[in-house]
1. Scan the stretch 101-115 residue by residue and report those that are under 15 Å from Asp56 (Cα atoms) and exposed (fewer than 12 other Cβ atoms within 10 Å of the Cβ).
2. From Asp68, Asp79, Asp49, which residue is under 30 Å from Ser116 (Cβ atoms), in contact (Cβ under 8 Å) with a residue 60 or more places away in the chain and acidic (Asp, Glu)?
3. Among (1) assigned to a helix (DSSP H, G or I); (2) at pLDDT below 90; (3) buried (at least 16 other Cβ atoms within 10 Å of the Cβ), where does Pro45 come up short?
4. Give Leu23, Leu74 a once-over and let me know the one that is surrounded by fewer than 16 Cβ atoms within 10 Å (Cβ to Cβ) and either touching a Lys or Arg at 6+ places or on another chain (Cβ under 7 Å) or free of Cβ contacts under 8 Å to residues at least 12 places away in the same chain (or both).
Amino acid sequence: AGGLVLLFNWTWADVVVGVLISLWVVPRAIKLAAASLRILTQASPADVDVEAVEADLAALPSVMGVHDLHVWTLTTGMDVATVHLTSDANSSNVLESARTVLESHGLSHATVQVESCANGEHCEKNVTW
């Protein structure tokens, strides 16, 4: 803009360039502010269907229950989850199956707790508060 004013005496060029730059910056600033607000409020990611994640985890063999499932955005591009699974099977096998399900939903960072329930008893009440 300064060059146009110096070369051609177009004093209005500075205003036009300033408005064009602001029209380019403002939408990006609004998008960044919205993304930051979602992260700060630990909102569920818009592209992750939490109910589908829960249903897929509950459908795993040997998983008797799913509770305390939480999914949120930790930082841009990193969605995370925590979940408790009740099972009477080998916890290593359940963890591996759960990891596969979570990764299929785009959740590669997760904390999974497998709670053992002998003889199919309901044990959620013993581990949640």
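1. Result: Ser104, single match.
2. Result of the check over Asp68, Asp79, Asp49: Asp68.
3. (1)
4. The match here is Leu23.
Residue-by-condition table, conditions (1) part of a loop (DSSP other than H, G, I, E, B); (2) within 28 Å of Ala35 (Cα to Cα); (3) among the hydroxyl-bearing types (Ser, Thr, Tyr):
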residue	(1), (2), (3)
Ala52	no, yes, no
Asp56	no, yes, no
Met64	no, no, no
Leu69	no, yes, no
Val83	no, yes, no
Leu95	no, no, no
Val101	no, yes, no
Leu107	yes, yes, no
Val114	no, no, no
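The values are calculated or read from the model by the stated rules, or taken from the named source; none is laboratory data. It should be emphasised that the depicted structure is a prediction, and the values quoted were computed from it without experimental measurement. Please note: Cβ atoms are built from the backbone with ideal geometry, for glycine as well, and neighbour counts cover all protein chains shown.
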